[in-house]
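The values are calculated or read from the model by the stated rules, or taken from the named source; none is laboratory data. Values in this document were obtained by computation on a predicted structure and should not be read as measured data. For neighbour counting, all protein chains shown are included, and Cβ atoms are generated from backbone atoms with ideal geometry for every residue, glycine included. Just the protein is used for accessible areas: all its heavy atoms, side chains included, with ligands, DNA and RNA removed. Shrake-Rupley method; radii C 1.70, N 1.55, O 1.52, S 1.80 Å.
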Amino acid sequence: KRTLTPLSNMTDTVEQINVGKLNTRLPENNGQLEIDRLSSAFNNMLERIEASFEKEQYIKEKMRRFVSDASHELRTPLTSIHGFVEVLLRGAAKNEKQLDSSLNSILMESERLTKLVNDLLMLTKLDQQVSAAMDKENINNIIKEIMPQLQILSGQRKIQLELGNDVLANINRDQIKQVIFNLVQNAVHHTDEIQGSITIW
């Protein structure tokens, strides 16, 4: 009885362990060397299973965020490129200035698209974070640089700038562009398609 009772208790405990109870541990002070060694072996196994399960959950969450980030981050440059191609097909290609502006914007967006893809591919290395180079930049200049893309995103809505003094910040140029695109896209969703007006200030 002295030997079988701890074994029976161990069996009952192990049978109740499921995904929600992986932190359960068996007592290791039963007073019998072999029973205690068996309990210790079970506990070591449970610790490894719990660690593996937590890692799997972490990987699944990282992959979910990866898919979400990829779809969100890639949408903006693709929308811009599509918009500029439409502008060219509607006749802007015949105007040398408009053609040059559209092609430069398409080139800029395709380069940004390539960088986004490279960054997202780095995220598939689940034990790493994408490092972002930070530089002192004038946010006003960045906004002016991407105005053609913002106008494409806004469609027929009026978009205007009311920028104050130069705003200098230590930022990543590509990431702050994505922030601005996201803000404008949000504004687009909440303004009238024809009469809407978006102001950046």
_I need the phi-derived Karplus couplings for the range 161-174: 6.51 cos²θ - 1.76 cosθ + 1.60, θ = phi - 60°, integer Hz, Gly and Pro marked x._
10, 10, 7, x, 5, 3, 10, 9, 8, 8, 9, 9, 4, 5
*asked:* Tell me the accessible surface of Phe53 in square angstrom (1.4 angstrom probe, heavy atoms of protein chains only), to the nearest ten.
replied: 70
*Against the longest principal axis of the chain, how steep is helix 33-89, in degrees 0 to 90 to the nearest 10, with axes from Cα atoms?*
10
*Within the chain, what's the longest stretch lacking trypsin sites (Lys or Arg not before Pro) that sit in DSSP loops with no more than 12 other Cβ atoms inside 10 Å?*
3-89
*What percentage of the solvent-accessible surface of the chain, computed with a 1.4 Å probe over protein heavy atoms, is contributed by carbon and sulfur atoms?*
54
*asked:* Quick check: Cα centre of the range 130-176 to Cα centre of the range 6-82, how many Å?
replied: 44
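Counting only helical runs of four or more DSSP H residues, what would the 222 nm mean residue ellipticity of the chain come to if each run contributes -39,500 (n - 2.57) and the total is spread over all its residues? The partial results should precede the final answer.
Working: 6 runs with 130 residues, N = 201.
The helix-only estimate for the chain comes to -22500 deg cm²/dmol at 222 nm.
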*Mind checking the per residue accessible area of the range 80-201 for me, 1.4 Å probe, whole number of Å²?*
63
*If the viscosity is 0.890 mPa s and the temperature 25 °C, what Stokes-Einstein diffusion coefficient in µm²/s follows for the range 52-101 when Rh is the Kirkwood radius over Cα pairs?*
179
*Any chance you could look up the accessible area of Thr199 with a 1.4 Å probe, heavy atoms only, rounded to 10 Å²?*
50
_I'm spelling it out carefully: the read-out is Cα extents along the principal axes in Å, the candidates are [x] 87, 60, 33; [y] 65, 36, 30; [z] 95, 34, 28, and one was derived from this structure. Which label?_
[z]
*Assigning unit charges at the beta carbon (Lys, Arg +1; Asp, Glu -1) and nothing else, what dipole magnitude in debye, to the nearest 20, does the range 78-201 show about its Cα centre?*
140
*Taking the dipole about the Cα centre of the range 81-201, with the C-beta of Lys and Arg at +1 and of Asp and Glu at -1, give me whichever of Leu89, Ser154, Val184 is farthest to the positive side.*
Leu89
